[in-house]
Amino acid sequence: MESLKGAAVSAAIKAQVEEMLAGFEGPAPKLAIVRVGERPDDLSYERGAVKKMESFGLRVQSYVFPEDIGDAAFKEAFSAINDDEEVAGILLLRPLPKQICEKDIETMIHPEKDLDGISPVNIAKVFAGDKTGFAPCTAEAVVEVLKAYDIPITGKRVSIVGRSMVVGRPLSMLLLGENATVTICHTRTADLKGTCRHAEILVAAAGRAKMLDAEYVGKDAVVIDVGINVDENGKLCGDVDFASIEETAAMATPVPGGVGAVTTAVLAKHLVQAALRSRG
Ligand code: NAP
């Protein structure tokens, strides 16, 4: 089985970003990361994103708010960041604490600065196949991995385990746009094993440590593991039991070192696209 490394895909995206930035005058595009509280998941994603922006030569600033900030105060602060002309794009770390109405923020964020596709405008564009919108970075990262490794998508049977608005649903639309035949699985799927095993490309985005073993994987399938979990020994792992599919799958993304590294590269690409678009 070939391991599909995220670092190689990220390097290819970096080259694209550098090309897009050739001739870009003035300070590099700036990303605003908006975080409320100190959730370890958020801190880890933020660290990765900051590192990636810096390595791509882009500017990044974190805006951090206390866990107990009120709805009105957060909206006022968010609005100022949203309207700041120096900020080319925004990454809002979610979920927000319960007292803040997340739906309102999704509507408030300027669609052209909404790099992770949370605004209804961008969601509608992704579902309509309109490429001027920003898709959620993780969903797009899956497509980037397949393309970077020249894995054919057209006409392929793809099963996606997970139907969230962050991964499963937008990804199904992106892959449909690439002419795949897509099946979306979830907790009520009657024959999950059979549906997964039938797939030529299997995407795992369930958030369940090592739940998909060789019995779920068809011979010579390509497996993309989006899951980020912690196993029984406290180690980072995906939704796929990587060791068990060694003899069955043709290729698979590892965790860590797979889709995660590509997600922040896609974020950087979106930032540059946003900056270029704002300059017409
Ligand atoms: P989520 O909102 O919890 O959604 C999980 C989805 O998986 C749901 O649709 C759920 O079905 C389905 N599911 C859960 N257990 C299942 C089972 N036993 N059988 C079949 N379907 C099952 O999670 P998410 O936000 O989409 O994230 C999914 C995973 O990706 C997590 O591990 C997360 O950490 C990771 N992630 C990674 C990145 C990255 O950059 N690599 C970015 C975002 C998320 P129901 O709808 O029926 O409940």
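Each residue in region 134-173 was checked for being hydroxyl-bearing (Ser, Thr, Tyr) and surrounded by fewer than 18 Cβ atoms within 10 Å (Cβ to Cβ), and 3 pass.
Residues of region 13-26 that are in contact (Cβ under 8 Å) with a residue 40 or more places away in the chain and either open to solvent by 20 Å² or more (accessible area, probe 1.4 Å) or under 29 Å from GLY70 (Cβ atoms) (or both): LYS14, GLN16, MET20, LEU21, PHE24. Within region 171-188, being in contact (Cβ under 8 Å) with a residue 24 or more places away in the chain, within 12 Å of the ligand (Cβ to nearest atom) and closer than 27 Å to ASP114 by Cα holds for LEU171, ILE184. As a summary of the residue check, LYS269 satisfies the conditions (1) within 30 Å of ALA32 (Cβ to Cβ); (2) more than 10 Å from the ligand (Cβ to nearest atom); (3) in a loop (DSSP other than H, G, I, E, B) except for the one numbered (3).
Quick grid of which residues meet (1) hydrophobic (A, V, I, L, M, F, W, C); (2) open to solvent by 30 Å² or more (accessible area, probe 1.4 Å):
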| site | (1), (2) |
| --- | --- |
| SER55 | no, yes |
| VAL64 | yes, yes |
| GLU76 | no, yes |
| ASN82 | no, no |
| GLU85 | no, yes |
| ALA88 | yes, no |
| LEU91 | yes, no |
| ILE105 | yes, no |
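Within region 257-268, not a single residue is open to solvent by 20 Å² or more (accessible area, probe 1.4 Å), over 17 Å from TYR149 (Cβ atoms) and touching a helix residue (DSSP H, G or I) at 6+ places or on another chain (Cβ under 9 Å). Can you tell me how many residues in region 105-139 are part of a loop (DSSP other than H, G, I, E, B) and closer than 29 Å to ALA80 by Cα? The number of residues fulfilling the criteria is 14. Considering only residues in region 234-256 that are under 20 Å from LYS193 (Cβ atoms) and near the ligand (Cβ under 9 Å from one of its atoms), the one that is surrounded by the fewest Cβ atoms within 10 Å (Cβ to Cβ) turns out to be ASP239. For region 140-170, taking the residues that are part of a helix (DSSP H, G or I) and within 11 Å of the ligand (Cβ to nearest atom), the one that is farthest from ILE123 (Cα to Cα) is identified as VAL145.
I want to confirm something. Restricting to region 206-238 and keeping residues that are more than 21 Å from PRO152 (Cβ to Cβ) and among the aliphatic types (A, V, I, L, M), which single residue is farthest from the chain's Cα centre (by Cα)? I'd like the intermediate steps shown before the answer.
The first filter runs over region 206-238 and keeps only residues more than 21 Å from PRO152 (Cβ to Cβ), leaving 206-216, 227-238.
Checking the rest, the ones that are also among the aliphatic types (A, V, I, L, M) come to 206, 209, 211-212, 214, 228, 230, 236.
Working: ALA206: 14, ALA209: 18, MET211: 21, LEU212: 20, ALA214: 25, ILE228: 12, VAL230: 19, LEU236: 18 Å.
The residue in question is ALA214.
Applying the condition of being surrounded by fewer than 13 Cβ atoms within 10 Å (Cβ to Cβ) and of a type outside the set (Lys, Arg) to region 216-230 and asking which residue is nearest to the ligand (Cβ to nearest atom) yields VAL230.
Any idea how many residues of region 27-40 are in contact (Cβ under 8 Å) with a residue 24 or more places away in the chain, open to solvent by 50 Å² or more (accessible area, probe 1.4 Å) and within 19 Å of the chain's Cα centre (by Cα)?
1
Filter region 198-215 for residues that are surrounded by fewer than 21 Cβ atoms within 10 Å (Cβ to Cβ) and within 14 Å of the ligand (Cβ to nearest atom); which is farthest from VAL143 (Cα to Cα)?
Going through region 198-215, the residues surrounded by fewer than 21 Cβ atoms within 10 Å (Cβ to Cβ) turn out to be 198, 200, 207-211, 213-215.
From what's left, within 14 Å of the ligand (Cβ to nearest atom): 207-211, 213, 215.
Working: GLY207: 19, ARG208: 22, ALA209: 22, LYS210: 22, MET211: 22, ASP213: 23, GLU215: 24 Å.
The qualifying residue farthest from VAL143 (Cα to Cα) is GLU215.
All conditions but one from (1) in contact with a helix residue (DSSP H, G or I) (Cβ under 9 Å, 6 or more places away or on another chain); (2) farther than 21 Å from GLU2 by Cβ apply to VAL230; the one that does not is (1).
The values are calculated or read from the model by the stated rules, or taken from the named source; none is laboratory data. This one's a predicted model, so the numbers in the text were calculated from it and none came from an experiment. Because the Cβ atoms are built from the backbone with ideal geometry, glycine has one as well, and the counts that use them run over all protein chains shown. Please note that ligands, DNA and RNA were not included when accessible areas were found on the heavy atoms of the full protein model with its side chains. Shrake-Rupley method; radii C 1.70, N 1.55, O 1.52, S 1.80 Å.
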